[in-house]
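The values are calculated or read from the model by the stated rules, or taken from the named source; none is laboratory data. Just so you know, these numbers come straight off a predicted model, no measurement behind them. Every residue, glycine as well, gets a Cβ built from its backbone with ideal geometry; the counts of neighbours run over all protein chains shown.
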């Protein structure tokens, strides 16, 4: 027996897609590969006719089930694991996963975690500010001569790798990760504390917080651990407050 | 060092595509994965504007280089190996390859053979009559709920698998296979001979020839072997003619 990715725990999250047709194409190819949940962040998709045309009759139900959000953080708040897709490598960014590596990782992770596959807009992809939500980044390899992949084709490659990934069955401990909501609460608390103690100033907030996020997201924190970190922060905060008074 | 598929020897062949936009999408995703040759069989693509829009500026050169043919046999005649894509499995058809198996096979084959990846029209795919040209058939795995894959997404999956396929370098004998032109000449000669001797009658020509084709295409004949087969046929034909006369 083999175990595959638990596809009902996978959601495609499209951040501010520009072309409605792409939403339909994404719905179709996600459903081809057994992924039936799609979220859209940004202005609600107009031109429903075009969306349905690209989805074809077969994926109309996926289109009907699309959930829309104004804010990316809000859209992601219920997920335990977020993988972002980016063509840009390097700079302040982490080493990126190959789609096949991501799929292999998701076999265990998806068993009891809600996973978001996050895609940026067609023209510029995810910004550094959006990437902060991601536990991992994945880059689809391309030829040098043509690096820009159509949004729905990028979705197809990730969903295809997820569909075909599998490993021999064995006993595995698949931990329940903290949700984005828990993580963002923790980051907010850390930021407040570190600002208070002067480690973070308004000029370097993003830079310092990005370093902290990068470290903590690589760790893949459990809910329990988030509570521990928050407890520590609360304690420190209380202590700083007390010392200030004296 | 690793050896990959030699992508300059790979050509995407679209048999009678219905939607011009798909030709552009195919050009783009093929180029994403380093495949820059596309052929179109059927009426020459109209609506060049739509094709170029889907190809984007980056793949305009692939669109400019598209070669058009009236006839599928003519389009394929210069190839040494043809892999056809089909979603239908079974019946008189052979066991199909997974895209990853095809890519692995092409690592060696593509080193000195011209390879065609053949795709049928969007609605019905390749017919049995068109499949006769194929050395192998490949089926992209899908979820049961939605088996119909968009043409350009199917191309993307095959090209992606070809792009990422590789193996450790080692000495390999990569034979030069017979071209389709050589094979079709041979099949014509076999058919003539077998009709003459009554093995084939007008009522069962297709069925009998399909069985012969299926067997010989699995063998992957070299040019040299095609010449041997044709020599045997010629000799038999001559002998039959002589015996008839006496």
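Being over 19 Å from the mean Cα position of the chain (by Cα), outside any strand (DSSP E or B), surrounded by 11 or more Cβ atoms within 10 Å (Cβ to Cβ) and modelled with pLDDT under 85 is true for just one of A:199, A:173. Which residue is that?
A:199
This table checks each residue for (1) free of Cβ contacts under 8 Å to residues at least 12 places away in the same chain; (2) in a helix (DSSP H, G or I); (3) over 15 Å from the mean Cα position of the chain (by Cα); (4) buried (at least 18 other Cβ atoms within 10 Å of the Cβ).
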site	(1), (2), (3), (4)
A:182	no, yes, no, yes
A:186	no, yes, yes, yes
A:190	no, yes, yes, yes
A:195	yes, yes, yes, no
A:203	yes, no, yes, no
A:218	no, yes, no, no
A:224	yes, yes, yes, no
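Would you be able to say whether some residue in segment B:32-48 is assigned to a helix (DSSP H, G or I), within 14 Å of another protein chain (Cβ to nearest Cβ), modelled with pLDDT of 95 or more and over 30 Å from residue B:215 (Cβ atoms)?
Yes.
Which of (1) at pLDDT 95 or above; (2) within 14 Å of chain B (Cβ to nearest Cβ) is the odd one out, the single condition residue A:18 does not satisfy?
(1)
Of all residues in segment A:55-86 being crowded, with 22+ Cβ neighbours inside 10 Å and under 16 Å from residue A:21 (Cα atoms), which is nearest to the other protein chains (Cβ to nearest Cβ)?
Only one residue fits best here, namely A:59.
Being farther than 24 Å from residue A:21 by Cα, assigned to a loop (DSSP other than H, G, I, E, B) and either touching a strand residue (DSSP E or B) at 6+ places or on another chain (Cβ under 8 Å) or within 7 Å of another protein chain (Cβ to nearest Cβ) (or both) is the filter here, so list the residues in segment A:135-161 that pass it.
A:135, A:141, A:143, A:145
Of everything in segment A:1-11 that's more than 14 Å from chain B (Cβ to nearest Cβ) and not in a loop (DSSP other than H, G, I, E, B), which residue is nearest to the chain's Cα centre (by Cα)?
Among those that are more than 14 Å from chain B (Cβ to nearest Cβ) and not in a loop (DSSP other than H, G, I, E, B), it is A:11.
For residues that are surrounded by fewer than 20 Cβ atoms within 10 Å (Cβ to Cβ) and over 19 Å from the mean Cα position of the chain (by Cα), tally how many sit in segment B:22-44.
Counting residues in segment B:22-44 that are surrounded by fewer than 20 Cβ atoms within 10 Å (Cβ to Cβ) and over 19 Å from the mean Cα position of the chain (by Cα) gives 2.
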